[in-house]
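Read the structure below first, then the notes.
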Amino acid sequence: MDILSTVFFVGVIIFSAIIHEYAHGWMANQLGDPTARLAGRLTLNPIAHLDLFGSVILPLLLIPTGMIFAYAKPVPYNAYNLSDQKWGAVKVAIAGPISNLILAFVFGVVLQLMPASSPMIPFLFIIVFANVLLAVFNMVPIPPLDGSKLLLAVLPDSAYQVLMMLERYGFVLLLLFIFVGFEYLRPIINGITTLFVGWL
């Protein structure tokens, strides 16, 4: 990507991550937990969600590697306040990726309605791709990603030690996955992106 596309991509990732976090807080609030709202995080104001490392430093450090990624400050919530104690945490977790898939779908439709010569197409494609990337990446079952909440809900109690190991070494495993295993997600990301835009 050229410099303009790279800067735009980082901006889209950050804004989409903010919507992702808002969706977590919104779902938790709908299920009876006001933690995010009371903390002033149930807002689309970027200032409330930006994380110095994840939203600024990390993207700058990754640019030379050709990998671009960023994240917003996680929205707090209290699982004990949720009206659905069995699946509430899962609903809160998947609300983030679903919000990104909705954004990808909407902008994919807009892209397909554009004439082929429109200069907006590359930028619309970036919006779709970035949101699919966020949705798929966050469903990886490694803490603190959203997919780990789904894993916690479906694994039996006998897998407690596995869950504790994932929680304890989650950050290390996540870094390892980003630099070693991320390529395995690329076909999924490209496939969903193609589905939304009609071409790749």
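The values are calculated or read from the model by the stated rules, or taken from the named source; none is laboratory data. Everything numeric here is computed off the predicted structure, so don't read it as measured data. Cβ atoms come from the backbone with ideal geometry, glycine included; neighbour counts cover every protein chain shown.
Do we have any residue at all in region 23-40 that's modelled with pLDDT under 90 and more than 23 Å from ALA153 (Cβ to Cβ)?
no
Kindly provide the set of residues from region 163-197 that are in contact with a Leu (Cβ under 7 Å, 6 or more places away or on another chain) and either under 23 Å from ILE121 (Cβ atoms) or among the small types (Gly, Ala, Ser) (or both), ordered by number.
Listed by number, the residues that qualify are ILE189, ASN190, THR193, THR194, VAL197.
Only one residue in ILE94, ILE98, ILE102, ILE126 is loosely packed, with under 15 Cβ neighbours inside 10 Å, part of a helix (DSSP H, G or I) and at pLDDT 95 or above. Which one? Talk me through it step by step, then tell me what you get.
Numbers: ILE94 fails: loosely packed, with under 15 Cβ neighbours inside 10 Å; ILE98 fails: loosely packed, with under 15 Cβ neighbours inside 10 Å; ILE126 fails: loosely packed, with under 15 Cβ neighbours inside 10 Å.
The conditions single out ILE102.
Can you tell me which residues in region 64-86 are exposed (fewer than 14 other Cβ atoms within 10 Å of the Cβ) and either closer than 21 Å to ARG186 by Cβ or not small (Gly, Ala, Ser) (or both)?
Passing the criteria: PRO64, THR65, GLY66, MET67, ASN78, TYR80, ASP84, GLN85, LYS86.
So, ALA116, is that one among the small types (Gly, Ala, Ser) and either assigned to a helix (DSSP H, G or I) or touching a residue at least 24 places away in the same chain (Cβ under 8 Å) (or both) or not?
Numbers: among the small types (Gly, Ala, Ser): yes; either assigned to a helix (DSSP H, G or I) or touching a residue at least 24 places away in the same chain (Cβ under 8 Å) (or both): no.
Here the answer is no, as ALA116 does not meet what is asked.
Just the residues that are surrounded by fewer than 21 Cβ atoms within 10 Å (Cβ to Cβ) and either farther than 14 Å from VAL128 by Cβ or among the aromatic types (Phe, Trp, Tyr) (or both), please, taken from region 105-117. Before you say what the answer is, go through the steps one by one.
Filtering region 105-117 for residues surrounded by fewer than 21 Cβ atoms within 10 Å (Cβ to Cβ) gives 105-106, 109-110, 112-117.
Selection gives PHE105, PRO115, ALA116, SER117.
Exactly one of (1) assigned to a helix (DSSP H, G or I); (2) farther than 21 Å from ILE19 by Cα; (3) modelled with pLDDT under 90 is unmet by TYR80. Its number?
Going through (1) assigned to a helix (DSSP H, G or I); (2) farther than 21 Å from ILE19 by Cα; (3) modelled with pLDDT under 90 one by one, TYR80 breaks only (3).
Write out, first by first residue and then by second, each pair whose Cβ atoms fall under 8 Å of each other, whose residues are 6+ apart or on separate chains, and whose first residue, in region 46-58, is free of Cβ contacts under 8 Å to residues at least 40 places away in the same chain and within 12 Å of PHE15 (Cα to Cα) while the second is among the aromatic types (Phe, Trp, Tyr) and part of a helix (DSSP H, G or I).
Pairs found: PRO46/PHE15; HIS49/TYR22.
What are the residues in region 30-45 that are touching a helix residue (DSSP H, G or I) at 6+ places or on another chain (Cβ under 6 Å), surrounded by fewer than 19 Cβ atoms within 10 Å (Cβ to Cβ) and in a helix (DSSP H, G or I), if any?
ARG37
Please go through region 141-184 and give me each residue that is surrounded by 13 or more Cβ atoms within 10 Å (Cβ to Cβ), under 19 Å from the mean Cα position of the chain (by Cα) and hydroxyl-bearing (Ser, Thr, Tyr), ordered by number.
SER148
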